[in-house]
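Below: the structure, in structure tokens.
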Amino acid sequence: MIVFPNAKINIGLHVVSRRSDGYHNLETVFYPVQLTDALEMAENKTTGITFSGLPVEGPPGENLVLKAYHLLKNDFELPPVQFHLHKKIPTGAGLGGGSSDAAFALKMLNEYFQLRLSTEKLKNYAVKLGADCPFFIENKPMFASGIGDLFSPMELNLTQYRIVILKPEVSVSTVLAYKNVVPVPPEFNLKKLSGLPIEQWKETVVNDFEKSIFPLFPDIEKWKKKLYEAGALYASMSGSGSAVFGIFRHLPADFDKIIPEGVLFVG
Ligand SMILES: C[C@](O)(CO)[C@H](O)COP(=O)(O)OP(=O)(O)OC[C@H]1O[C@@H](n2ccc(N)nc2=O)[C@H](O)[C@@H]1O
Ligand SMILES: Nc1ncnc2c1ncn2[C@@H]1O[C@H](COP(=O)(O)OP(=O)(O)OP(=O)(O)O)[C@@H](O)[C@H]1O
């Protein structure tokens, strides 16, 4: 069985307060984009559980696909399987690639082995793997609060626009980003995002991480400015960076001249 875990962008992100468990309460709008990895799974009774594909950074114990498998295996009789992951979504980009792989692994195991887990139960497993992970269970535009795991659906349809994602060379650690951010009460209620014309987002919709990340990695801000130069109606860093995205009504004919490199996705 093969699935295609997709990336997300954060449209607006308010870091509201620091919690006693070390995490932060936030408010954000998650929007899925069709930049995808490919994750394949087959039963493998001879060699036990295996993982192949482009190496995932970090120790094998931190591999989120394997973590998803073992999390379910604690509660269900699962036979050994082999996973193959083809990575397209870069890590340290704020695009939720690892979280998406993990959430899609949970969904695939649920379907393939007919575990009959409800969406709510899958989300409860997902949050154990990462704060971003539950979003990818339903994978629809959502206003999120809590640590990013409490959702209200949002009617937000950007299909008539073009979305461009740029990935500067630098990668940003999510832990570092949260360490440097200063929580502030939000000035705009992101629940109202879909009622605000995109032309007004530039003045109103902010990602709180930009304030502390841009001075550390000036290239990220440079790429964001390029997106506005190319005519984006709205541009922002996604999550804790380093990817930036732009929303365009139309791409200009000389887009390749304005932005000759760093383009990861055009949708
Ligand atoms: C920046 C975002 O991508 C926005 O969607 C997410 O908040 C990050 O979520 P994530 O990568 O799934 O985060 P996790 O893997 O659960 O946590 C990594 C680290 O980020 C910090 N963290 C994460 C989420 C959150 N709401 N508050 C935090 O302080 C914690 O230090 C945690 O140890
Ligand atoms: N399948 C996987 N794909 C990517 N990273 C993985 C995976 N499994 C474990 N990881 C670990 O998780 C870390 C975070 O990965 P992820 O792709 O979610 O990054 P991110 O860009 O920080 O996303 P976000 O900030 O939006 O959560 C990586 O640095 C890597 O060590």
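Laid out as a table, the results:
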read-out: Among (1) acidic (Asp, Glu); (2) surrounded by 14 or more Cβ atoms within 10 Å (Cβ to Cβ); (3) within 16 Å of ligand 1 (Cβ to nearest atom) - the single one Glu40 does not satisfy; value: (3)
read-out: Only one of Glu187, Glu210 that is in the same structural domain as Ser240 (by TED's automatic domain parsing), touching a strand residue (DSSP E or B) at 6+ places or on another chain (Cβ under 9 Å), of a type in the set (D, E, K, R) and at pLDDT below 95; value: Glu187
read-out: The range 95-154, residues that are on the phi > 0 side of the Ramachandran plot and away from ligand 1 (no atom under 11 Å from the Cβ); value: Gln114, Arg116, Asn139
read-out: Which listed residue, of Ile259, Ile247, Ile220, is closer than 28 Å to Lys179 by Cβ, among the β-branched types (Val, Ile, Thr) and open to solvent by less than 10 Å² (accessible area, probe 1.4 Å); value: Ile220
read-out: Count - residues of the range 49-64 that are more than 14 Å from ligand 1 (Cβ to nearest atom) and in contact (Cβ under 8 Å) with a residue 24 or more places away in the chain; value: 6
read-out: Within the range 170-254, helices (runs of 4 or more DSSP H) holding 2 or more residues that are within 14 Å of Ile9 (Cβ to Cβ) and more than 16 Å from ligand 2 (Cβ to nearest atom); value: 218-229
read-out: Wholly within the range 60-160, strands (runs of 3 or more DSSP E) carrying at least 2 residues that are more than 13 Å from ligand 2 (Cβ to nearest atom) and of a type in the set (Asp, Glu); value: none
read-out: Failed item, numbered, when Ala42 is tested on (1) part of a loop (DSSP other than H, G, I, E, B); (2) more than 16 Å from ligand 2 (Cβ to nearest atom); (3) not acidic (Asp, Glu); value: (1)
read-out: Residues located in the range 163-175, provided they are more than 9 Å from ligand 1 (Cβ to nearest atom) and of a type in the set (A, V, I, L, M, F, W, C); value: Ile163, Val164, Ile165, Leu166, Val170, Val172
read-out: Enumeration of residues in the range 65-78 that are more than 16 Å from ligand 1 (Cβ to nearest atom) and open to solvent by less than 30 Å² (accessible area, probe 1.4 Å); value: Tyr69, Leu72, Leu78
read-out: Residue under evaluation Thr28, criteria (1) within 12 Å of ligand 2 (Cβ to nearest atom); (2) surrounded by fewer than 18 Cβ atoms within 10 Å (Cβ to Cβ); (3) closer than 25 Å to Ile165 by Cα, criterion not met; value: (2)
read-out: Qualifying positions in the range 136-190 - of a type in the set (Val, Ile, Thr) and open to solvent by 50 Å² or more (accessible area, probe 1.4 Å); value: Thr159, Thr174, Val175, Val182, Val184
read-out: Among residues of the range 101-132, those that are touching a Cys at 6+ places or on another chain (Cβ under 9 Å) and of a type in the set (A, V, I, L, M, F, W, C), counted; value: 5
read-out: Unmet criterion (only one of (1) in contact with a Lys or Arg (Cβ under 9 Å, 6 or more places away or on another chain); (2) within 27 Å of Ile147 (Cα to Cα); (3) hydroxyl-bearing (Ser, Thr, Tyr)) for Ser194; value: (1)
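The values are calculated or read from the model by the stated rules, or taken from the named source; none is laboratory data. As the structure is a computational prediction, the values presented were derived from the model and not from experiment. Using ideal geometry, Cβ is built from the backbone for each residue, glycine included, and neighbour counts are taken over all protein chains shown. Keep in mind that these areas ignore ligands, DNA and RNA; they rest on the heavy atoms of the full protein, side chains included. Shrake-Rupley method; radii C 1.70, N 1.55, O 1.52, S 1.80 Å.
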